[in-house]
Structures are given as C-alpha cells and as structure tokens.
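Here is the structure we will look at, set down as structure tokens.
The values are calculated or read from the model by the stated rules, or taken from the named source; none is laboratory data. Just so we're clear, the structure is a prediction, and the values are computed from it rather than from any experiment. Here Cβ is always computed from backbone atoms with ideal geometry, including for glycine, and neighbour counts include all displayed protein chains.
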Amino acid sequence: MNHTLRARFALLACALAFPVLAGAQEATIRKNLGERIPALAKIDEVSKTPMNGLFEVRIGTDLLYTDAEGNFLIQGSLLDTKARKNLTEERIDKLTAVDFKDLELKHAFTQVFGDGKRKLAVFEDPNCGYCKRFEKDLQKVDNVTVHFFLIPILGADSVEKSRQIWCSADKLKAWNDWMLRDVAPKGPGSCNTDALTANLEFAKKYRITGTPTLIFADGKRVPGAINTQQIEQNLAR
C-alpha cells in the first residue's frame, strides 16, 4: 500500500471515528451528571457548543453547560463576544417557539386594534395580576390583531371566571370589563367550554406554565408582562 493510499485510509478511519467519539462523550456526560446530580438523571439532549470543550445539556427548555467529562456545570448565558450574540437566549427562543399556524384560533376571542395587520396571541388567566398590568399596556399598541386564549391555572375561581367570560354573549367585552375595569363577569358559565380544556392541553404540550405568555407571528414566545415598548419591539421584528 503506497503512502497516499495509506493516508486516505487513515483520514477515512478518523472521519468514521468522530461519531463514535461524540457518542462516547455524550454517554460520559449523561452518566456522570446523572449519578452525581439526581435532578439530571433524565437529560433530553447533549450537544456541542461553538466554544471548544463546552457542551450544552438540555432538560426541557432549561440549558446548562458542562465539560466533556461532566465534572463541571455552568448555569447562565453563553455569549459570543465577537458576533455580539447571546447564544443561550437564541437557543431558548428556538426551543420555545410556537408556530402561529398551530394555534387553534377558534378557542380564542379576538380584538383588533387599528388596521390589525400585525398578529399576537396571548395566554392568560383572569386572576393573574401581571395579566391585568399587561392588558393596560396592550391598550396603547396600535395596528395589531390580538387573540386571547384563556388558561385557568391559578385555582378554582380562575376556572369559574374563565367559564363566565367564555360563556358571555360578548366575550371580549366581558374580558375587558374584568381586566381593565374590575367589573366581574356575569356569564352563565354553563355553555360548551371545551375550548378551555383544549387551551389547557395546548399549554401543557408547549410547556406554557405562566401567564401572560405571548406568542408573536414569527413564533417567538415571551413569558411575562412586558411593557408597551417591548410589545412594539417584538411586533416590529
């Protein structure tokens, strides 16, 4: 076998070895972290990061970082200083994104501000104080169509209020009366409320665990009561 052919075989062997090595590294990380930290016994994914020797450990939508042996664990943001990007934030945005087309709009009620050309979906609980603050800021945003999905997750009274709002002759008015003016809903609460069940199932599937949770047209999910300026910034993307 001549030198050139021998070299080619060596390169091929190296190329074939990399997946095995990567798999071995992943197995080592999973084994060591799982044995040493019980909460990390079930890791969803281990992947390389752009930083040499650093691996991302994903549990659901939570991200941690470790070395190839799982000897050290880092919690926080990984920043690309050259590109000036927050790699952790970008990764979480992708993991938590919701395709707007997957939203069941028949399970929501809608309000149009201005020409309504922009789109926003919001998951809210009627007893959520942060939601009420968000609703006041939302009134200052123009030219957007907002779809409201009720997810009663804060207790029995949330279930009752959600039923009363959903069963009202004018759902949007009942919602705005309660959220903006503290006028309690008076709907019968005895109509078909399958939409509320469907919303809770959707929230569980996409791990929407807090309110308000905003879904923008590009799929970005934003948890929490952001202000008017932040809403505008996300709508403008």
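For residue 237, all conditions in the list (1) within 9 Å of the chain's Cα centre (by Cα); (2) outside any strand (DSSP E or B) hold save one; what is the number of the exception?
So the condition that residue 237 fails would be (1).
Consider the stretch 151-175. How many of its residues are without any contact (Cβ under 8 Å) to a residue 60 or more places away in the chain, more than 12 Å from residue 195 (Cα to Cα) and not β-branched (Val, Ile, Thr)?
So the answer is 13.
With the checklist (1) modelled with pLDDT of 95 or more; (2) not assigned by TED's automatic domain parsing to the domain that holds residue 229 in hand, flag the one item residue 92 doesn't pass.
(1)
Which members of the stretch 60-75 meet the condition of being within 20 Å of residue 95 (Cβ to Cβ) and at pLDDT 95 or above? Please lay out each step first, then the result.
Kept after step one, since they are within 20 Å of residue 95 (Cβ to Cβ), are these residues of the stretch 60-75: 60-66, 73-75.
Of everything in the stretch 60-75, those that are within 20 Å of residue 95 (Cβ to Cβ) and at pLDDT 95 or above turn out to be 63, 64, 65, 66, 73, 74, 75.
Give the residue that is nearest to residue 98 (Cα to Cα), with candidates limited to residues of the stretch 219-235 that are without any contact (Cβ under 8 Å) to a residue 60 or more places away in the chain and exposed (fewer than 14 other Cβ atoms within 10 Å of the Cβ). Explain how you work it out, then say what you get.
Taking the stretch 219-235 as the starting set, the residues that turn out to be without any contact (Cβ under 8 Å) to a residue 60 or more places away in the chain are 222-223, 229-230, 233-234.
The next check asks that each one be exposed (fewer than 14 other Cβ atoms within 10 Å of the Cβ); those that pass are 229, 233.
Values: 229: 22, 233: 18 Å.
Among them, the one singled out is 233.
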